[in-house]
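Peer 1: Shown below is the structure under consideration.
Only the coordinates and a few stated rules stand behind these numbers; no lab work does. This is a predicted model, so every value here is computed, not measured. Please note: Cβ atoms are built from the backbone with ideal geometry, for glycine as well, and neighbour counts cover all protein chains shown.
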Amino acid sequence: MIQEIRNKIVEIAYSYEGMEEISGNKGFKDDIFQQKLEAVGWNYGQAWCSYFAELVWKEAYGSFDSSIIEILDKKFSANAVKTYDNFYKSKRFKTGNNPEPGDLVAWAYYKENKPKMVDIWTLGHIGIVTKPAQLFFLSMEGNTNSKGGREGIEVAEKERGYDYYQENGLRLLGVIKPINI
């Protein structure tokens, strides 16, 4: 069953490829996509990568067993780093460093010279692994751009490296594994 869940997650993620926002996180060009993101908690002005990941996982799991939606509600957050932390602390979900299709993949924004009073791990980005490889992996991400940053305009598939120790920018936290139901 886990392989069917993984396949469904990837299928749904690809179905949203190319969805675009109205500049400045002010909404989306596709009304149905916007309604779906609003249903998982997105509000005008918010970054939406976490909401995209939540939408995809909820739609995928909902097609098999909707009872898990309540569990996912408690794990996902508007903040990608908080989402990773919620899943990381869970006894039911596993995290790791070996990406597989359907995994959530999370990064934290790190800047070496940030003032000490600023929590450097509050900003981040999250996506869905679509294809792993030895030196890189592909992930479908909401709120991304052509440079692969954490702020963007669309849902797009990106090639990402295993940057766990990057000095500045997005530093890979790890992946969150889907669970069998």
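Peer 1: Quickly rank 41-52, 122-133 as a protection proxy: mean count of other C-beta atoms within 10 Å, highest first.
Peer 2: On the way: 41-52: 19.4, 122-133: 21.8.
For the peptides 41-52, 122-133, the packing ranking is 122-133, 41-52.
Peer 1: Let me ask something else. If the limit is 31 Å between Cα atoms, which of Lys26/Lys89; Lys29/Lys74; Lys29/Lys91; Lys36/Lys91; Lys26/Lys91; Lys26/Lys94 go over it?
Peer 2: Numbers: Lys26/Lys89 33 Å; Lys29/Lys74 29 Å; Lys29/Lys91 39 Å; Lys36/Lys91 29 Å; Lys26/Lys91 36 Å; Lys26/Lys94 34 Å.
Over 31 Å Cα-Cα: Lys26/Lys89; Lys29/Lys91; Lys26/Lys91; Lys26/Lys94.
Peer 1: Another question about this same structure. Using helices alone, what [θ] at 222 nm do you get for the chain, with -39,500 (n - 2.57) per DSSP H run of 4 or more residues, divided over all residues and rounded to the nearest 500? All intermediate terms of the calculation are to be shown ahead of the outcome.
Peer 2: Values: 5 runs with 53 residues, N = 181.
Calculated mean residue ellipticity at 222 nm is -9000 deg cm²/dmol.
Peer 1: From the residues Trp48, Ile32, Gly18, which one has its Cα farthest along the dipole of segment 9-50 in the positive direction, the dipole being from +1 and -1 charges on Cβ of Lys/Arg and Asp/Glu about the Cα centre?
Peer 2: With unit charges placed on the Cβ atoms, the residue in question is Trp48.
Peer 1: 7 Å from Cα along Cα→Cβ at both Asn7 and Ser90: what's the point-to-point distance in nm?
Peer 2: For the pair Asn7/Ser90, the computed spacing is 2.3 nm.
Peer 1: For a test of the definition: using alpha carbon positions, the gyration tensor, and the 1.5 limit on a/c, classify the chain as rounded, prolate or oblate. Walk me through the numbers on the way to the answer.
Peer 2: Working: a/c = 1.40, a/b = 1.14, b/c = 1.23.
Judged from the Cα gyration tensor, the chain comes out rounded (a/c under 1.5).
Peer 1: Taking θ as phi - 60°, what are the ³J(HN,Hα) couplings along segment 57-65 by the Karplus curve (6.51, -1.76, 1.60), each to the nearest whole Hz, with x for Gly and Pro?
Peer 2: 5, 5, 5, 5, 5, x, 6, 10, 7
Peer 1: Can I ask one more? Which FRET efficiency value, to the nearest 0.05, is calculated for Glu17 and Phe136 with the Förster distance at 22 angstrom and r the Cβ-Cβ distance? Write out the running numbers ahead of the final one.
Peer 2: Numbers: r = 18 Å, r/R0 = 0.84.
Computed FRET efficiency for Glu17 and Phe136: 0.75.
Peer 1: For segment 1-125, calculate the relative contact order in percent as a whole number, restricting contacts to Cα pairs under 8 Å that are 6 or more residues apart. Intermediate results must be reported in sequence, preceding the final value.
Peer 2: Values: 130 pairs, mean separation 28.6, N = 125.
Rounded, it is 23 percent for segment 1-125.
Peer 1: Listed highest first by mean packing, meaning other Cβ atoms within 10 Å per residue, what order do 67-79, 169-181 come in? Show your work: numbers first, answer last.
Peer 2: On the way: 67-79: 15.4, 169-181: 18.7.
Packing order, densest peptide first, comes out as 169-181, 67-79.
Peer 1: For segment 72-89, take each phi angle, set θ = phi - 60°, evaluate the Karplus expression 6.51 cos²θ - 1.76 cosθ + 1.60, and give the result in whole Hz per residue in order, putting x for glycine and proline.
Peer 2: 5, 4, 7, 9, 6, 9, 5, 9, 4, 5, 5, 4, 4, 4, 4, 5, 4, 7
Peer 1: May I pose another question? Report the extension gain between Asp73 and Asn43 in nm, rounded to one decimal, defined as 0.36 nm multiplied by the number of residues separating them, less their alpha carbon distance. Each step should come with its number before you reach the end.
Peer 2: Details: separation 30, 0.36 × 30 = 10.80 nm, distance 1.62 nm.
Between Asp73 and Asn43, full extension yields 9.2 nm more.
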